[in-house]
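Right, one structure below, let's go through it.
The values are calculated or read from the model by the stated rules, or taken from the named source; none is laboratory data. It should be emphasised that the depicted structure is a prediction, and the values quoted were computed from it without experimental measurement. With ideal geometry, Cβ positions are generated from the backbone for all residues, glycine too; neighbour counts draw on all protein chains shown. Surface accessibility is based on the protein's heavy atoms, side chains included, excluding ligands, DNA and RNA. Shrake-Rupley method; radii C 1.70, N 1.55, O 1.52, S 1.80 Å.
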Amino acid sequence: MPQVSATSATPPPAAAASDTPIPPDTHLRDGGHSDTTLARARLAIGGALLTAYLFTRPWGTEGTLEGAAAWADPRWPLSHLAAMVGFTGLVAAAHGLSRDWSHHARRLVDSTAWASLALLLPYYGAEAFALHAIGRAATQTGDLDLVALAEAIRMGALQVTTFGLGWLAL
């Protein structure tokens, strides 16, 4: 019988994962898209939705029935929802674009972006739904006292503070 040496029966060592670096754009997820490509798509969609908000939001003179008619318009809540989804897209994009940064930098970007979203969304939600309801009631009744409620919804100390901090964090 032929003898087998211990070295000939051992398979060659596999290359270590660190021996072949993979560029950041080639880390693939389900569907074959890179994280960076998905992040860029989220950024584009978020930006498009925020732009749509500005161009589809009805405008009117504040404190008047004309302003109330703008709030009562069905485009009012829809445009604000577009803005809310747009902000969410920006946060998701920031997360994806910071993927290859240092742990500390990524954690800072993530926490700041999510905090921004958490501070902005309540204000936009109040605008979308409360002002829409006020606008509908005011235009049906002609009651300008209802329109004055918008000031309390928008300009309370907590509302303005969270809204301002949300924009600063963004």
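Within the stretch 119-131, can one find any residue that is without any contact (Cβ under 8 Å) to a residue 24 or more places away in the chain and exposed (fewer than 15 other Cβ atoms within 10 Å of the Cβ)?
Restricting attention to the stretch 119-131, the residues satisfying the condition of being without any contact (Cβ under 8 Å) to a residue 24 or more places away in the chain are 130.
Keeping just the survivors that are exposed (fewer than 15 other Cβ atoms within 10 Å of the Cβ) gives none.
There is no residue in the stretch 119-131 that is without any contact (Cβ under 8 Å) to a residue 24 or more places away in the chain and exposed (fewer than 15 other Cβ atoms within 10 Å of the Cβ).
So S79 ticks every box in (1) open to solvent by 20 Å² or more (accessible area, probe 1.4 Å); (2) in contact (Cβ under 8 Å) with a residue 12 or more places away in the chain; (3) among the hydroxyl-bearing types (S, T, Y) but one. Which box is left unticked?
(1)
Restricting to the stretch 150-163, name every residue that is over 24 Å from the mean Cα position of the chain (by Cα) and surrounded by 16 or more Cβ atoms within 10 Å (Cβ to Cβ).
A150
Going by the conditions given, is R106 under 30 Å from T37 (Cα atoms), of a type in the set (D, E, K, R) and open to solvent by 60 Å² or more (accessible area, probe 1.4 Å)?
In short, no.
Assess whether G47 counts as being surrounded by 11 or more Cβ atoms within 10 Å (Cβ to Cβ) and either farther than 30 Å from T139 by Cα or at pLDDT 95 or above (or both).
Against the criterion (surrounded by 11 or more Cβ atoms within 10 Å (Cβ to Cβ) and either farther than 30 Å from T139 by Cα or at pLDDT 95 or above (or both)), G47 qualifies.
Quick check on the stretch 132-144: of everything there that is free of Cβ contacts under 8 Å to residues at least 60 places away in the same chain and surrounded by 14 or more Cβ atoms within 10 Å (Cβ to Cβ), which residue is nearest to P74 (Cα to Cα)?
Per the stated criteria, the residue is A133.
Hey, among A93, A68, which residue is of a type in the set (A, V, I, L, M) and farther than 22 Å from Q159 by Cα?
Checking each option against the conditions leaves just A93.
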